[in-house]
1. Which residues, taken from segment 446-479, are assigned to a helix (DSSP H, G or I), open to solvent by less than 30 Å² (accessible area, probe 1.4 Å) and of a type in the set (D, E, K, R)?
2. Go through segment 298-329 residue by residue and tally those that are part of a loop (DSSP other than H, G, I, E, B), without any contact (Cβ under 8 Å) to a residue 60 or more places away in the chain and open to solvent by 30 Å² or more (accessible area, probe 1.4 Å).
3. Could you tell me how many of the residues in segment 74-98 are assigned to a helix (DSSP H, G or I) and open to solvent by less than 30 Å² (accessible area, probe 1.4 Å)?
4. Among the residues of segment 179-194, write down those that are open to solvent by 20 Å² or more (accessible area, probe 1.4 Å) and more than 19 Å from residue 315 (Cβ to Cβ).
5. Given the conditions (1) buried (at least 18 other Cβ atoms within 10 Å of the Cβ); (2) at pLDDT 95 or above; (3) of a type in the set (Ser, Thr, Tyr), report the number of the one that residue 52 does not fulfil.
6. Could you check how many residues of segment 495-547 are among the charged types (D, E, K, R), part of a loop (DSSP other than H, G, I, E, B) and either at pLDDT below 50 or closer than 30 Å to residue 194 by Cα (or both)?
7. If you take the residues of segment 224-240 that are touching a helix residue (DSSP H, G or I) at 6+ places or on another chain (Cβ under 9 Å) and either under 30 Å from residue 331 (Cα atoms) or not in a loop (DSSP other than H, G, I, E, B) (or both), which of them is most open to solvent (accessible area, probe 1.4 Å)?
8. Within segment 409-431, can one find any residue that is at pLDDT 95 or above, in a loop (DSSP other than H, G, I, E, B) and open to solvent by 10 Å² or more (accessible area, probe 1.4 Å)?
Amino acid sequence: MSATSSVTTKPSGAYDVVVVGAGFAGMYMLHRLRGQGMTARVYEQGSGVGGTWYWNRYPGARCDVESMQYSYSFSDELQQEWDWSERYAPQPEILKYANHVADRFDLRKDIQFDTRVESAEFDEATNLWSVTTSDGKTVTAKFVVLATGCLSNARMPDIKGLDRFKGKVYHTGHWPHEAVDFTGLRVGVIGTGSSGIQSVPVIAEQASRLTVFQRTANFSIPARNAPLTEAERKKFRDNYPEIRRFAREVAKNGIYTEMPDRGALDDGDNERRAKYEARWERGGLTFMSVYNNLALDKAANDTAANFVREKIAEIVKDPETAKLLQPNNHPIGSKRICIDTDYFATFNRPHVTLVDIRSNPIEEITETAVRVAGKDYEVDALVLATGFDAMTGSVAKIDIRGRGGQTLNQKWAAGPRTYLGLMSAGFPNLFIITGPGSPSVLSNMIVSIEQHVDWIADCLAYMRGRGLDTMEADRDAEDKWVDHVNEVANTTLYPQANSWYMGANVPGKPRIFMPYIGGVGPYRQICNDVAAKGYQGFVMERAEAPRKVAAS
């Protein structure tokens with residue numbers, strides 16, 4: 001059956017699958033479903049495809065995974081024909097790529113834009129999901145796939161007086177689609193995570209005065225971004241089979257790079273420093289791959305953290321500002337490490353000021369200023385680089401009701417619970433792409449997205465071929481998986497950081513380590529083994545004669 005074929009015998013408003021979200025996950029899911037002859041409808045709250053890259057248009061926004069790796073691998077023609085212009089693609093280029101994919105595979109006709117999914121309710125009598133959208137319509141589907149993204153629900157900070165500020169307020173996660181010009185303006189940026197670190201140098205080029213309000217200093221490595229040459233593109237293209245295999249099966253984070261064979265303390269001081277210097281000059285996320293124990297051993301981690309702190313002190317001329325910019329409350333890499341272009345050097349500009357809001361939190365925002373420790377910092381515009389309600393936020397916005405009317409938010413009140421990050425017990429035929437309990441944000445997202453989509457598509461084919469009607473996670477298997485995810489996390493330094501991996505950036509959100517840190521390769525093997533054993537750990541039933549087909 002062709003990739004664009006679809007079955008048309010179902011009544012209007014009834015689909016095999018409803019997919020929520022038209023980012024990279026939703027688009028590939030739609031493509032796979034069509035290839036299997038299944039009817040699908042994708043609902044997207046934005047006006048176009050691209051997901052994270054549709055919303056995140058802030059100045060300096062670009063991917064922290066190299067362009068030639070942050071791309072689909074399912075079509076060799078696609079990866080051979082697309083020309084990435086830079087080592088790290090900027091947001092407009094990634095969005096252009098997403099639109100190219102939508103056009104090349106004729107995906108738009110099955111996507112409804114400007115439409116939020118408000119609720120999804122499972123009917124135990126019919127084994128169908130009723131999905132209600134923001135246009136007031138309800139459709140039914142046998143399966144629902146949540147392709148809502150891990151970093152797509154922007155978190156607005158709760159700061160006294162924000163609503164009375166008279167200037168323009170922008171959130172990096174919901175940036176206007178038209179260009180924003182800060183020329184001659186006094187700008188305040190609140191937040192120094194990845195979006196703050198990327199946007200500050202660009203905004204500083206325009207603003208007459210830039211005040212950066214920092215609660216938590218973050219480790220950041222130079223991107224060393226540069227245009228890609230045709231020779232560099234060709235080298236990648238010629239080696240794509242091995243690069244993709246390595247990313248899927250060998251690399252812990254789904255990124256092709258050299259694998260270290262030793263720990264940080266196995267080298268002497270001079271040799272270790274030389275290796276850090278070489279990675280610093282190369283730039284990018286692979287800095288953390290210099291040694292194999294930086295995420296496991298605090299003493300080893302300290303050698304890398306101290307190196308970066310020293311670099312910050314070398315770059316930033318004012319000692320007090322340099323000290324504030326040096327992270328000292330978490331191991332390097334235990335929060336997603338940032339990559340930047342001249343971030344630290346920006347604080348050498350005379351019109352750029354760093355304000356510490358850890359020791360003195362923002363008291364309030366007035367009509368014209370941000371007040372800290374009794375001092376008013378006058379600003380004409382505010383940029384909120386305050387991040388996302390990560391991993392679960394986009395799912396939590398939907399009223400999802402499974403067996404017995406239980407909502408997913410009720411079940412996840414003490415933290416998300418899934419089996420393999422793919423399904424949650426009590427919610428049959430509801431799949432999550434790169435959900436909590438899977439590598440997701442600890443990996444090259446495209447690698448993890450493709451793995452999940454392929455697994456779900458193969459699973460649906462398996463069910464259809466055997467006349468199976470419902471599938472859900474077995475509760476015991478789910479409990480064991482959640483325990484395993486936390487057990488593996490606790491063998492590392494990651495839980496030592498108050499990061500969004502733990503939900504720590506959202507007041508009141510339960511502290512639980514959400515992504516699976518065991519590695520992309522081992523996780524893929526676990527998923528493949530589960531499928532090979534008849535989807536062990538899942539309960540599958542036939543409609544006419546309910547019975548357990550597979551369970552752990």
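The values are calculated or read from the model by the stated rules, or taken from the named source; none is laboratory data. As the structure is a prediction and not an experimental result, all values here were calculated from the model. Every residue, glycine as well, gets a Cβ built from its backbone with ideal geometry; the counts of neighbours run over all protein chains shown. Just so you know, the surface numbers come from the protein's heavy atoms only, side chains and all, with ligands and any DNA or RNA stripped out. Shrake-Rupley method; radii C 1.70, N 1.55, O 1.52, S 1.80 Å.
1. 450, 478
2. Within segment 298-329, residues that are part of a loop (DSSP other than H, G, I, E, B), without any contact (Cβ under 8 Å) to a residue 60 or more places away in the chain and open to solvent by 30 Å² or more (accessible area, probe 1.4 Å) number 2.
3. 8
4. 179, 180, 181, 183, 184, 185, 186, 193
5. (2)
6. 3
7. 224
8. No.
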